[in-house]
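The values are calculated or read from the model by the stated rules, or taken from the named source; none is laboratory data. Everything numeric here is computed off the predicted structure, so don't read it as measured data. As a convention, Cβ positions derive from the backbone with ideal geometry for all residues, glycine included, and neighbour counts pool all protein chains shown.
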Amino acid sequence: MDSIINLQKKIVPELTDLLVQRYQILRQVSHESPIGRRALAGKLGLSERVLRAQVDFLKKSGLLSFSSSGMSVTDEGADILKELADYVRKLQDISFLEKALSDTLKIGRVVILPGDSDQEEVVKREIGRTAAHILSKLLSDDKRHIVAVSGGTTMAAMAANLTGSQPNTVVVPARGGLGDNVELQANTIATVLAQKMGASYRQLYVPDCVSEDILNSILKEDVGVRSVVDIIKKADILVHGVGRASVMARHRRLAPELIAKLEEAGAVGEAFGQYCALDGKQVYMTNNAAGFAAYWHYYWYCRWQVQGSSNFICNSCVPSGYFSDG
């Protein structure tokens, strides 16, 4: 297979571009159906003339269907889309990138998805779908698990794609409240995740960005909060996104002067209040209501990411490196 792909790239490279383009069309329609031609062209950044030729071919091939509401992927198209996903990964040498990143990070498995989630919303949905699949496999051993999940758009996409029955699983938020969007809060995503798989859940009603003194006071005086934090510390699966440092700094309402210093220090990614440079070194740390600031070393020791158990899912085209949006 690999030798054939290499020959194809050398002799008919335009065929590779055409195949990837048709794959992207099918993938976009599968997420947005029913969708009209003009809207689809806008989503993909193609002219309507170019798109018309491709969707007409896909329709004649039985992979797309047309109706007054718009285009949809047929059952045959859905099957082809699944098969194409792995083929496109090989075309774009993603397996090589996964191994290189796995070796660099010294973790057991890396999964990279093609596309740019900053430009294509469908890519973020694909990340969510893949993360949901990996998490489902981790939970399929019929053992009792505690899953801690953070907030953000990627985690919301994962929760939306998860199905199954895991009555022995407990889901907890991996951090306190952050930002104003309720749908993207860790509490909300933990609830959705638990309901999707018939699990139980606990909530953490504490803002994420509080001073260390206030945090210690809450943990000392509020038995309910302390009990949830104790459960979080026993989590064996941690599901989280990695946000762009500058974006997350604004979400956390850090002072402009501090944000400038973070950028000068080379901060590119953030998770649980930890701001890291591209080489992985921590350049700044804020308090975290779930206690993950102190829990960080344990987290790296366990290396549970789904990002999941020895797995790290990211977007291969994020300019700041291998960090995905949180």
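One residue stands out in the stretch 89-137 among those that are polar (S, T, N, Q) and within 17 Å of Leu162 (Cβ to Cβ): the one that is farthest from the chain's Cα centre (by Cα), namely Ser136. When residues in the stretch 10-33 are screened for being exposed (fewer than 14 other Cβ atoms within 10 Å of the Cβ) and either over 13 Å from Gln54 (Cβ atoms) or at pLDDT 85 or above (or both), 7 of them pass.
Look at Leu215 and say whether it is in a helix (DSSP H, G or I), at pLDDT below 70 and either buried (at least 19 other Cβ atoms within 10 Å of the Cβ) or under 19 Å from the mean Cα position of the chain (by Cα) (or both). For Leu215, the condition - in a helix (DSSP H, G or I), at pLDDT below 70 and either buried (at least 19 other Cβ atoms within 10 Å of the Cβ) or under 19 Å from the mean Cα position of the chain (by Cα) (or both) - is met.
All of Val73, Val55 fail the test of being surrounded by 13 or more Cβ atoms within 10 Å (Cβ to Cβ) and in contact with a Ser or Thr (Cβ under 6 Å, 6 or more places away or on another chain), apart from Val73. Taken over the stretch 225-262, the criterion of being in a loop (DSSP other than H, G, I, E, B), surrounded by 14 or more Cβ atoms within 10 Å (Cβ to Cβ) and basic (Lys, Arg) is satisfied by Lys233, Arg252. Scanning the stretch 137-174 for residues that are part of a helix (DSSP H, G or I), under 24 Å from Lys233 (Cβ atoms) and touching a residue at least 60 places away in the same chain (Cβ under 8 Å) returns Leu138, Thr154, Met155, Met158. Evaluated against (1) among the basic types (Lys, Arg); (2) more than 25 Å from Ile127 (Cβ to Cβ); (3) under 21 Å from the mean Cα position of the chain (by Cα), Arg252 falls short on exactly one condition, (2).
Considering the stretch 103-120, and only residues there that are free of Cβ contacts under 8 Å to residues at least 60 places away in the same chain and assigned to a helix (DSSP H, G or I), the residue that is surrounded by the most Cβ atoms within 10 Å (Cβ to Cβ) turns out to be Thr104. In the condition set (1) without any contact (Cβ under 8 Å) to a residue 60 or more places away in the chain; (2) under 29 Å from Val111 (Cβ atoms); (3) in a helix (DSSP H, G or I), Ala41 is compliant with all but (2).
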